[in-house]
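First up is the structure itself, then whatever we jot down about it.
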Amino acid sequence: MRLTAPLLAATMMAGLSACAATPEPVASAPASDIEVPEGSPKLLVVISVDQLSSQLMTEYLPRMSGGLKRVATMGTTFVNGYQAQSATETCPGHSTILTGSFPARSGIVANDWYDFSTGGDYEVYCSEDVARRGEWGDRDVISPEHLLVPTLGTYLKRVDPRSRNIAIAGKDRSAVMLGGHDADQRWWLSEDGWSTDLDAPAPDVVTSATLTLRGMIEQGSAGLEVPEYCASKPDVVLEGRGPIGDDTLGWAPGDRMDFMMSPAQDGAVLALGAALIDDMELGRDDTPDVVSLGLAATDYIGHKYGPQSGEMCLQMFALDRNLDGFFKLLDQRGLDYAVVLTADHGGQPIPERLALQGIEAERVDGTINRRARAKVTEVLDLPENWVAGGYPGDIYINPEIEASRRGDAIARLAAAYREDRQVGAVFTRDEIMAQPIPTGNPTDWTLLQRVRATYHPARSGDLYVVATEYLTPIPNPVGTYIATHGSPYEYDRRVPIIFYRPGTSAFLRQDPARTVDILPTVAAHLGLSLGDAELDGVCLDGVHGVRCAD
């Protein structure tokens, strides 16, 4: 029986309002009775769990018994996977997963960068079409315009245009970077329900899913029952915010933002993914199809409560259940499918929790950028718009400033930042570009090499400033944003990379892998030639018994 989108959404999210006790630890996920099919899979499901660090997964996996447990213990799992570049944010992280390219090649250097040639508003959003600003009023016109390289969907269509490329996510930038330039369907959650940048009419299942989604938000939810393991997480009290650790992830009727910070958001993405697989009959002919799913609830919850909170504990078990329901639906359809599961970045624990572990950590002094710039402005008498961007990350000097003063400004600004104790490193454009894009084991890379993997000369800054380790670049922990990511350190770079196909042998691999290695590895599984594409990733030998070509 084919489930309609409303029924599917209701089915997949039914258990989210009343969480039972934490599942008892199990040795492995339930064994699949599906025999290993010969040849390449007909449906590839790529799942990115926003802010799922390897540390998070390994903490909770022994207590799980659902979908995340299944793929991690019955697939080939690289626990030392890496978003190897310094830019560990949503947009650059997602851009590496299906392109085989670091931001240095793809051009997606951050969620936002600066371009003084755009006019009065210099800031550029990674998934907007700058040339079409104003068409949607104050909203960006969402587009893959800035992605300079193909994704897997494009490579598939070059071989056979009948291959379908579907991307669904909680965030527009996730859907754009996974689907790339040749998406047949692309949907993300917005204030209006499901939105797209494509001109084709919405399928009926999407329209129905939007109505179901609006109804769920309007109805509200009391949240989840807190199991003992989650309740044991120590609460912390933040000044101006109150206790962190006692929220049950429900939402008041009509509160869309709190809905987005709940496991139900992931359920909505998975539900629409399953509905479109049915409606479009994906994976049912001789041409392989790809469905990319960007699950964003972990990131929203991580920002609001921190990755070591009781709220994140609730989310991890809910994610395991959500994925379990989704994979069981695929099993019931008898589909020949494979799964890649990874993350766009990890996340840094808040200083208040690190202190409980004896780790010295602090929040940023919010005056760093102002103080550093003032030292230069006063000396060189520069105009108001002489600099854009800021610590940590890219800093841009207005190219209209004459060369002599511009060079002096860059040198003085670099020196001003280096004097600050919360700055870990400062690199100039020349220092960065003198380095080749790094290769090999990402655990051995220097900070400069990690920055080089991010740096694109047409979009990156004149300076790149790195914060010290364990420094949270949020000065005041108030509102819904107390924790973050984006650094070049292990807690933000290290993510799981999992390849799963029902019936294949399980391998836990300790050797490092990089998210840019996913595309060439998947291409080998699909028997897909990537032509003469220049990639940063390499095929990971031995995944599901597939040997990479020399």
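Under the condition of being under 19 Å from H525 (Cα atoms), out of contact with any Asp or Glu (no Cβ under 8 Å at 6 or more places or on another chain) and outside any loop (DSSP other than H, G, I, E, B), the residues counted in region 66-80 number 5. Candidates in region 106-141 are the residues that are touching an Asp or Glu at 6+ places or on another chain (Cβ under 6 Å) and charged (D, E, K, R); of these, the one that is modelled with the lowest pLDDT is D140.
Take L293 and tell me if it is in a helix (DSSP H, G or I), touching a residue at least 40 places away in the same chain (Cβ under 8 Å) and closer than 22 Å to S208 by Cβ. It is false that L293 is in a helix (DSSP H, G or I), touching a residue at least 40 places away in the same chain (Cβ under 8 Å) and closer than 22 Å to S208 by Cβ.
Within region 86-120, which residues are of a type in the set (V, I, T) and within 15 Å of L178 (Cβ to Cβ)? Within region 86-120, T90, T96, I97, T99, I108 qualify.
With a requirement of 2 or more residues that are within 25 Å of the chain's Cα centre (by Cα), the helices (runs of 4 or more DSSP H) lying completely within region 334-425 that satisfy it span 351-356. Within region 105-146, if we keep just the residues that are under 16 Å from the mean Cα position of the chain (by Cα) and outside any loop (DSSP other than H, G, I, E, B), the residue that is surrounded by the most Cβ atoms within 10 Å (Cβ to Cβ) turns out to be S106. Among the residues of region 175-206, the ones that are under 17 Å from C91 (Cβ atoms) and buried (at least 23 other Cβ atoms within 10 Å of the Cβ) come to 10 in all.
Okay, residues lined up against (1) within 19 Å of R256 (Cβ to Cβ); (2) touching a residue at least 24 places away in the same chain (Cβ under 8 Å); (3) of a type outside the set (K, R):
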{"site": "V149", "(1), (2), (3)": "no, yes, yes"}
{"site": "R162", "(1), (2), (3)": "no, yes, no"}
{"site": "I168", "(1), (2), (3)": "yes, yes, yes"}
{"site": "A183", "(1), (2), (3)": "no, yes, yes"}
{"site": "D199", "(1), (2), (3)": "no, no, yes"}
{"site": "P203", "(1), (2), (3)": "no, yes, yes"}
{"site": "M216", "(1), (2), (3)": "yes, yes, yes"}
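Number of residues in region 251-284 that are part of a loop (DSSP other than H, G, I, E, B) and in contact (Cβ under 8 Å) with a residue 24 or more places away in the chain equals 10.
Residues checked against (1) surrounded by fewer than 20 Cβ atoms within 10 Å (Cβ to Cβ); (2) under 30 Å from T298 (Cα atoms); (3) assigned by TED's automatic domain parsing to the domain that holds A72; (4) at pLDDT 95 or above:
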site: F427; (1), (2), (3), (4): no, no, no, yes
site: N441; (1), (2), (3), (4): yes, yes, no, yes
site: T480; (1), (2), (3), (4): yes, yes, no, no
site: Q510; (1), (2), (3), (4): yes, yes, yes, no
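Please go through region 384-417 and pick out each residue that is free of Cβ contacts under 8 Å to residues at least 12 places away in the same chain and either in contact with a Phe, Trp or Tyr (Cβ under 7 Å, 6 or more places away or on another chain) or crowded, with 17+ Cβ neighbours inside 10 Å (or both). Correct list: R406 only. Just to be sure before I move on: is P234 under 14 Å from M312 (Cα atoms), surrounded by 23 or more Cβ atoms within 10 Å (Cβ to Cβ) and not charged (D, E, K, R) in the structure I sent? No: the conditions fail for P234. When T248, T287 are checked against the criterion of being in a loop (DSSP other than H, G, I, E, B), surrounded by fewer than 21 Cβ atoms within 10 Å (Cβ to Cβ), among the polar types (S, T, N, Q) and touching a Lys or Arg at 6+ places or on another chain (Cβ under 6 Å), a single residue qualifies: T287.
Restricting D420, D324, D381, D365 to those that are surrounded by fewer than 24 Cβ atoms within 10 Å (Cβ to Cβ) and over 30 Å from P475 (Cα atoms) reduces the list to D324.
The values are calculated or read from the model by the stated rules, or taken from the named source; none is laboratory data. Here the structure is a predicted model, which is why all the values come from computation and not from measurement. Cβ coordinates were reconstructed from backbone atoms using ideal geometry, including for glycine residues, and neighbour counts include every protein chain displayed.
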